[in-house]
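Only the coordinates and a few stated rules stand behind these numbers; no lab work does. These numbers were taken from a predicted model, which means no experiment stands behind them. Virtual Cβ from ideal backbone geometry, glycine too; neighbours counted across all protein chains shown.
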Amino acid sequence: MASSSASIQIRTAPAGRGADWIVDAFSLFKNAPKPWLAISALLLLAAYLANRLGSVGYLFGNLLAPVITGGIILGCQAQQRGEPFEIAYLWRGFSSPHFGRLLLIGLAWFGMTFIAVAVFLAVVGGTALGTVMATQSFESLQLGTTALYAGLLTLILLAIAAAAAWFAAPLIVLYGMEPIPALKASLLGCVKNPLSLLVNGILMVIILLIAIIPLGLGLLVAIPILFASQYFAQRDIFVADITPQSTESAQI
């Protein structure tokens, strides 16, 4: 594992690599199906219980998601090295020395999404109050336009938050980065790789849609592919302790 002072280079992966990450991810699943299926089942159970808890479950789910992701990413790395993949990687992040930093990523994600939603509610809510107090029909049309712009702004903020958080946990557990540099590197990595990530995202959406058709049982396979493709994506995009070889690399 690289130290927290390691330099991280960000590379631009070809668009086709977005599909390759899924193929490579399925290979990991195929080589150790039992522990992967068990992890998927436990995650689906945890998601169900969190949903039953309402807002409390949503809060804890957001906070702990990077911790869980970090542990599974470590499992992907171990399996890629030829080591056995075990169910224990599901909670490995909780015993990791990076637990505190992973938890901060969860807090940052929750904070960023909260701000994005708060912006939408503040804009639309304020306009709605003005509409109630007004009597002119034009005000109603203005509310619709304002709500549209507020919705677009919220989507942009959520996209930025997602890009900043997507690779943050892998960067912390694999390269020992601190939370803020990890968020920054994740955001820049996504910005520099829009095509490969778009291809990967579209294919993952298709896989997830197919997965939910047979009573959701396909999620048992789709979830491992999602985590493992994230691991392979970061392998292509981020490299530690190297000298930039082209103008497409950016140092953090």
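Observations on the model:
- Distance between the 7 Å Cα→Cβ label points at Phe114 and Leu44: 3.2 nm.
- D by Stokes-Einstein for the range 8-251, Kirkwood Rh over Cα pairs, 10 °C, 1.306 mPa s: 81 µm²/s.
- Distance (nanometres) between label positions extended 7 Å along Cα→Cβ at Leu107 and Arg81: 3.0
- The range 1-126: C-alpha gyration tensor shape, a/c 1.5 cut-off, then a/b vs b/c: prolate
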